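Report on the following structure.
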Amino acid sequence: MTPKTLRGALNQIQRMLSGTEYSEDLWNTLVALRGPDSRNRKLKSATTAVIRSTAFPKRPCDYLSVFGTDSKKLASRRRSLFANREDNNHFREHVADAFKSLGLSLSEENVWNK
């Protein structure tokens, strides 16, 4: 059943996050959807956009968000992000967890997004 209100939708998500076999993977994906605490569009395209596009291939609310397919160039940016610790916070941890939960490669192009 589709909830009719935001509270109903949040309650449904909360139930899915409470002890199901996929709760941790769902949480990892949800917390990485926001993106880095910066306006770095290149970093967001290499991480958050790939996560969003994999999690939500029909691109809901695309006028509010950045979506995109992966590429070798974006994989290279991710490698640099992790090698050089290019962000100032724990965003890398969220990205790594979400990529793992979604079955994505951090260091290589994910071709099934295309």
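Structure summary
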{"item": "Filter pass, Arg39 being under 12 Å from the mean Cα position of the chain (by Cα) and either among the hydrophobic types (A, V, I, L, M, F, W, C) or more than 15 Å from Ala75 (Cα to Cα) (or both)", "result": "no"}
{"item": "Some residue of the range 92-102 being surrounded by 13 or more Cβ atoms within 10 Å (Cβ to Cβ), at pLDDT 95 or above and part of a loop (DSSP other than H, G, I, E, B)", "result": "no"}
{"item": "Counted residues, the range 49-106 - those being in contact with a helix residue (DSSP H, G or I) (Cβ under 6 Å, 6 or more places away or on another chain), more than 21 Å from Trp27 (Cα to Cα) and polar (S, T, N, Q)", "result": "1"}
{"item": "Conditions (1) over 19 Å from Tyr22 (Cα atoms); (2) without any contact (Cβ under 8 Å) to a residue 60 or more places away in the chain; (3) open to solvent by less than 50 Å² (accessible area, probe 1.4 Å); number of the one not met by Asn110", "result": "(2)"}
{"item": "Identity of the residue in the range 24-36, within 14 Å of Lys100 (Cα to Cα) and more than 10 Å from the chain's Cα centre (by Cα), that ends up least open to solvent (accessible area, probe 1.4 Å)", "result": "Leu26"}
{"item": "Checklist (1) within 17 Å of Leu43 (Cβ to Cβ); (2) in a loop (DSSP other than H, G, I, E, B) applied to Leu64, failing item", "result": "(1)"}
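The values are calculated or read from the model by the stated rules, or taken from the named source; none is laboratory data. Keep in mind that this is a model prediction, so the values were computed, not measured. Cβ coordinates were reconstructed from backbone atoms using ideal geometry, including for glycine residues, and neighbour counts include every protein chain displayed. Remember, those area values only see protein heavy atoms, side chains included, never the ligands or the DNA or RNA. Shrake-Rupley method; radii C 1.70, N 1.55, O 1.52, S 1.80 Å.
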